[in-house]
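Have a look at the structure below, then the notes.
The values are calculated or read from the model by the stated rules, or taken from the named source; none is laboratory data. As the structure is a prediction and not an experimental result, all values here were calculated from the model. When we count neighbours, we look across all protein chains shown, and the Cβ atoms used for this are built from the backbone with ideal geometry, even at glycine.
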Ligand code: PGA
């Protein structure tokens, strides 16, 4: 695993943007695996600034997202589909038809997982962006998820509901279930870029880099990926 430690979040976001922009310049029809959460917001801001300033072209780029809350349709303000349009896609010249995410409003959850797995098979990712949960989760693969998991529905861990409640009016509004790309599918990306910021991620970062490879820490599986880069700021790197 390549590890880049930055002095702060701003530098982390700029370094991450350099990597994603490099992928897109190198391969104009690249498939980007994207993530939601607070961590990639700085990176997404940098990509939009670069698009405005330098005209990096996303017209042929395809994007697949990691996860979506079950029960929230794409127009719901708290859905990840909405998040991606608001925070990234609207500032790029990406064709929304080339952006993919699980359908949170699907009537048949099992069929939706199957559909998403088939889609992932047809769109091999050049790079997969990841945040990391304070409990070591990646996407919504909570501790205990088998490394062999493909797209599945999950009951969110209490810590995840609490972490994510800051984005909702009240903790009671946070959905308790979600769809998530599985660890097996994440590992199939050609390369992986993990971002971590802040002291509350320090323990998870330590376990990601130096911990035992165990399903109790889903992120530890990334130690087995041949092309994984971690960028973290000094607070998240404090226990390395
Ligand atoms: P965050 O979430 O970026 O909002 O901290 C990361 C995650 O839970 O995967």
Is it the case that some residue within the range 8-25 is away from the ligand (no atom under 16 Å from the Cβ), under 25 Å from residue 142 (Cα atoms) and crowded, with 16+ Cβ neighbours inside 10 Å?
-> no
Picking from 203, 212, the residue that is modelled with pLDDT of 95 or more, away from the ligand (no atom under 13 Å from the Cβ) and farther than 22 Å from residue 148 by Cα would be 203
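Among strands (runs of 3 or more DSSP E) lying entirely in the range 1-77, which contain 2 or more residues that are touching a residue at least 40 places away in the same chain (Cβ under 8 Å) and within 17 Å of residue 201 (Cβ to Cβ)?
The qualifying strands (runs of 3 or more DSSP E) are 2-6.
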